[in-house]
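Some notes on the structure that comes next.
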Amino acid sequence: MLSVGSLLDFDWHKHSESREAFSSVTHRHHHRLKTFGLLEKPANVSPYSPEEVRYKLFVVGKTGVGKTSTVAKLTGNEIPKTHNETAGIQTSTTYWPGKITQLNKQVMFRLQFWDAGETSLKKFDHIIPACTERVDGILFIFSIVDKSSFDDLHQQISRFTSTNDDIVKIAIATKCDQHAHCEVTQRDIRDFENNWKIPILKIQNIQESSQPDFSELSRLLNIICEYLWYRDLILAGKVTKGGAVVGRRPQPPVPTVEKYV
Amino acid sequence: MAAHLICLTSGGGVPIFTRNKGNLKPLPFPVIGSLNGVHMFANSHDVKLLSTTTEDAKVVWKVFHDSITLIIVTGDDSADDIHLNNLLSQVCDAMVLLYGLEDLANIKNIERFKREIKICSQLIDKILDQADLLTVGDLTNAVDIIAAPENSVLQNYLDAFTEAADSPYGCLMVHGKIAIATKRWWTLTSKEMVLLSLLMSSLSPCSSRDIPVFLPNLSPSVPHRLLTFQLIKDVDVCVLCGPSPTLAQLEEEVGRFWRSGYDLLRSLLQLHPRNYPLSITLDSNIMGFILVNRESHRCLCSTHPHPVASSKDTIDSKRRLEILRSFYKHVMGTFFPMSDDPDKGQEEICHQAQESYISTDSHKCYTILSEPHQIFVLYTANIPTFAMRSVTQKTLSLLVKDKHIQI
Ligand SMILES: Nc1nc2c(ncn2[C@@H]2O[C@H](COP(=O)(O)OP(=O)(O)OP(=O)(O)O)[C@@H](O)[C@H]2O)c(=O)[nH]1
Ligand SMILES: [Mg+2]
């Protein structure tokens, strides 16, 4: 797996040089992400705008694990208080400024999360193809207070990915604020990561009080963006899978040319 | 509105779900059982149990599609049962909308149905949550509009965009109110339009959606796809499509078709929550109104009639809407016929009232029926009662004649 911080500057939001970039995507005082309509974009104060890179992420996991809540958290929307199953597909967008350490270059990541409820997924044939078409990454969501949702991941992974595709795969453990009811152990998590080579991130989707934890949010978004950027490098032939830049275990390089014709 | 809503299977009386609104504790299971039991008992003796009132509550039963029974228990507001019947029909239509008539009318596996019908909870809660609604379409069975001067230009944008979507059905929505719609959208039945607007306001904001919907009248068994795109915050364009285009395909077109309309959309949004043009000045005693067109099934409602809040504003906007809603319920079905309800023919109402009013210490209300329009106006207590009639008439004609108000 990619070691954290190998491509992106994870402390960039603390530097003064990033102030402009971050003020264009967050509400100033409370550090919450701004949301944008499709006709809107973060305002550019400086004369040159950072390159915008767009990614599509499909969010999967058992019903009720917190897919919609996770997306809400990562996009600056209000986190739902009660569980309402998502009807059909719902997409949400985040703009996130990042800095590529090696190139000393600013990039504006635009992440679009595709979230679909299980009932619609099963009942209507067009939902899965719509979500998986030209997808850049899949977020596998499970709840640490529900072991079955964790066990379900195996099935989800084989359902939506194959070992030689070039989709970024990240798992996210929700409800990490409820340690007391934790059903998934550290060991389970370690084994999963070793087995699948898929990192597990932890998230707490709770309505934050006055001072939201911006460092948690920025860490999560940076990790997601870093994996996506890494994948771009591989696709562009700039690094090989398991290349020197990263601490990733070698895997057989797989040509996936057919997929792109 | 504090209320209990109970849904059971009509055949076996198996509870499917209950929704409790207004901080009410859930009803104990034996109570639910008895409520259903008495209805089934009546039924087995060929008696149709419709409703009952207790000292402070009212209970209404209704069976839908021979498949499910809905029971609502709520505070008795002495309004005609027609309004609660209407609400139950809406709840059932909401289930059809998101789940499909076929599966609703033929429940094969109850456990599965229980699990899957949850998809409607959010919309059902929105329908029950009348106190939180900013719109009145659920009550009037006419869809809420926002009448902005920008609408006439934006119509071209919408028509072009829906054409690109290969669909005749499109509308532009602001906080659950229709700014503009294509000709065909207006041919949907009033309950379909109202339901789609309620659906939009029940959902949390996002960039785009692709929701399978079964139109209760037009296509209850074959789903359409409701595609929505958030152009700017709180302004969504919606289209009803068949199998194509995909969400991604149409989303790619959004910029091309709408970018140059950005400023128009911004100023359209400015008109919320007033909802009617700033160029119209209404009598200073008016605190709000509901204007309904019974033929076109559109309604315009505002509780912000004056640009600058005056010191007279002792009743806040939420309360104003509450008063208007209760005035509406008070007169409709009792003094005035609710024309489009099949359960209640006009013959039940023997006198043909044209106007009605109430007067209290804190406010007054006046309504005039002037086919196809009906207006309900909320006044401050300062207005002399004798003046309400002419002010209401003047207000009605001012609103109806304005070229920006397409009602
Ligand atoms: N305490 C806590 N609650 C959470 C967390 N994440 C989600 N929830 C709650 O879990 C419930 C379900 O969350 P949703 O986000 O609606 O779940 P979903 O995966 O989108 O569900 P479907 O749309 O049915 O597939 C909600 O009541 C959330 O408030 C979390 O990190 N902590
Ligand atoms: Mg969801």
query = When B:R319 is evaluated against the numbered criteria (1) closer than 23 Å to B:S362 by Cβ; (2) within 14 Å of another protein chain (Cβ to nearest Cβ), which criterion, by number, is the only one it fails?
reply = (2)
task = Determine whether region B:140-155 contains at least one residue that is part of a loop (DSSP other than H, G, I, E, B), among the acidic types (D, E) and either in contact with a Gly (Cβ under 8 Å, 6 or more places away or on another chain) or in contact (Cβ under 8 Å) with a residue 12 or more places away in the chain (or both).
result = yes
query = Out of all the residues in region A:102-112, is one or more aliphatic (A, V, I, L, M) and within 13 Å of ligand 2 (Cβ to nearest atom)?
reply = no
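Can you find, within region B:131-164, the residue that is nearest to B:Y328 (Cα to Cα) among those that are under 15 Å from the mean Cα position of the chain (by Cα) and open to solvent by 20 Å² or more (accessible area, probe 1.4 Å)? Give the derivation first.
As a first pass, look at region B:131-164 and keep what is under 15 Å from the mean Cα position of the chain (by Cα): B:131-146.
Next, only the ones that are open to solvent by 20 Å² or more (accessible area, probe 1.4 Å) stay: B:131-132, B:134, B:141.
Working: B:A131: 14, B:D132: 17, B:L134: 15, B:N141: 12 Å.
The qualifying residue nearest to B:Y328 (Cα to Cα) is B:N141.
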query = Could you count how many residues in region A:102-114 are at pLDDT below 95 and either touching a Lys or Arg at 6+ places or on another chain (Cβ under 8 Å) or within 9 Å of another protein chain (Cβ to nearest Cβ) (or both)?
reply = 3
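Is there a residue being open to solvent by 10 Å² or more (accessible area, probe 1.4 Å), of a type in the set (F, W, Y), in contact with a strand residue (DSSP E or B) (Cβ under 9 Å, 6 or more places away or on another chain) and at pLDDT 95 or above anywhere in region B:225-233? Steps first, answer last, please.
So in region B:225-233, the residues open to solvent by 10 Å² or more (accessible area, probe 1.4 Å) come out as B:225, B:230, B:233.
Those left that are additionally of a type in the set (F, W, Y): none.
Within region B:225-233 (the criterion being open to solvent by 10 Å² or more (accessible area, probe 1.4 Å), of a type in the set (F, W, Y), in contact with a strand residue (DSSP E or B) (Cβ under 9 Å, 6 or more places away or on another chain) and at pLDDT 95 or above), the answer is no, since none of the residues qualifies.
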message = Looking at B:I107 and the list (1) touching a Ser or Thr at 6+ places or on another chain (Cβ under 8 Å); (2) assigned to a helix (DSSP H, G or I), which single condition is not satisfied?
response = (2)
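When region A:66-108 is examined, which residues are found to be part of a strand (DSSP E or B) and within 13 Å of ligand 1 (Cβ to nearest atom)?
Quick first cut of region A:66-108, residues part of a strand (DSSP E or B) only: A:89-100, A:105-108.
Across region A:66-108, the qualifying residues are A:I89, A:Q90, A:S92.
Output the number of residues of region A:88-101 satisfying the condition of being within 16 Å of ligand 2 (Cβ to nearest atom) and open to solvent by less than 20 Å² (accessible area, probe 1.4 Å).
First, the residues of region A:88-101 that are within 16 Å of ligand 2 (Cβ to nearest atom): A:88-92.
Going one step further and asking which of them are open to solvent by less than 20 Å² (accessible area, probe 1.4 Å), we end up with A:88-89, A:91-92.
The number of residues fulfilling the criteria is 4.
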inquiry  = Please verify whether A:S18 is open to solvent by less than 10 Å² (accessible area, probe 1.4 Å) and outside any loop (DSSP other than H, G, I, E, B), treating the condition exactly as stated.
reply    = yes
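Just to check your reading of the model, which residue among B:S44, B:S51 is in the same structural domain as B:I110 (by TED's automatic domain parsing), hydroxyl-bearing (S, T, Y) and in contact (Cβ under 8 Å) with a residue 24 or more places away in the chain? Steps first, answer last, please.
Values: B:S44 fails: in contact (Cβ under 8 Å) with a residue 24 or more places away in the chain.
Just a single option satisfies the conditions, and that option is B:S51.
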ask   = In this structure, is A:A180 outside any helix (DSSP H, G or I) and not aromatic (F, W, Y)?
value = no
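What number of residues within region A:27-65 satisfy the criterion of being within 15 Å of ligand 1 (Cβ to nearest atom) and of a type in the set (F, W, Y)? Spell out the reasoning first.
So the first thing to find is which residues in region A:27-65 are within 15 Å of ligand 1 (Cβ to nearest atom), and the list is A:57-65.
Going one step further and asking which of them are of a type in the set (F, W, Y), we end up with A:58.
So the answer is 1.
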ask   = Within region B:240-261, how many residues are open to solvent by 10 Å² or more (accessible area, probe 1.4 Å) and either at the interface with chain A (Cβ under 8 Å from one of its Cβ atoms) or in contact with a strand residue (DSSP E or B) (Cβ under 8 Å, 6 or more places away or on another chain) (or both)?
value = 7
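Filter region B:173-211 down to residues that are within 11 Å of chain A (Cβ to nearest Cβ), within 14 Å of B:L98 (Cβ to Cβ) and out of contact with any helix residue (DSSP H, G or I) (no Cβ under 6 Å at 6 or more places or on another chain) and give me whichever is modelled with the lowest pLDDT. Steps first, answer last, please.
Kept after step one, since they are within 11 Å of chain A (Cβ to nearest Cβ), are these residues of region B:173-211: B:199, B:202-211.
Now narrow it down to the ones that are within 14 Å of B:L98 (Cβ to Cβ): B:199, B:202-203, B:209-211.
If we keep only those that are out of contact with any helix residue (DSSP H, G or I) (no Cβ under 6 Å at 6 or more places or on another chain) too, we end up with B:203, B:209, B:211.
Details: B:L203: 95, B:R209: 98, B:I211: 98.
If we take residues in region B:173-211 being within 11 Å of chain A (Cβ to nearest Cβ), within 14 Å of B:L98 (Cβ to Cβ) and out of contact with any helix residue (DSSP H, G or I) (no Cβ under 6 Å at 6 or more places or on another chain), then B:L203 is modelled with the lowest pLDDT.
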query = Which of the residues that make up region A:194-215 are under 26 Å from A:L7 (Cβ atoms) and either open to solvent by 40 Å² or more (accessible area, probe 1.4 Å) or basic (K, R) (or both)?
reply = A:N194, A:N195, A:W196, A:K197, A:K202, A:Q204, A:D213, A:S215
task = Mind listing just one residue for me: the one in region A:37-61 that is modelled with pLDDT under 95 and buried (at least 17 other Cβ atoms within 10 Å of the Cβ) and, of those, farthest from the other protein chains (Cβ to nearest Cβ)?
result = A:P50
task = Could you pull out every one of the helices (runs of 4 or more DSSP H) wholly within region A:115-176 that has 1 or more residues that are facing chain B (nearest Cβ under 9 Å) and at pLDDT 95 or above?
result = A:127-132
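The values are calculated or read from the model by the stated rules, or taken from the named source; none is laboratory data. Keep in mind the model is a prediction, meaning the values are calculated, not measured. Note: ideal-geometry Cβ built from the backbone for every residue, glycine included; neighbour counts use all protein chains shown. Side chains included, ligands, DNA and RNA excluded: accessible areas come from the protein's heavy atoms. Shrake-Rupley method; radii C 1.70, N 1.55, O 1.52, S 1.80 Å.
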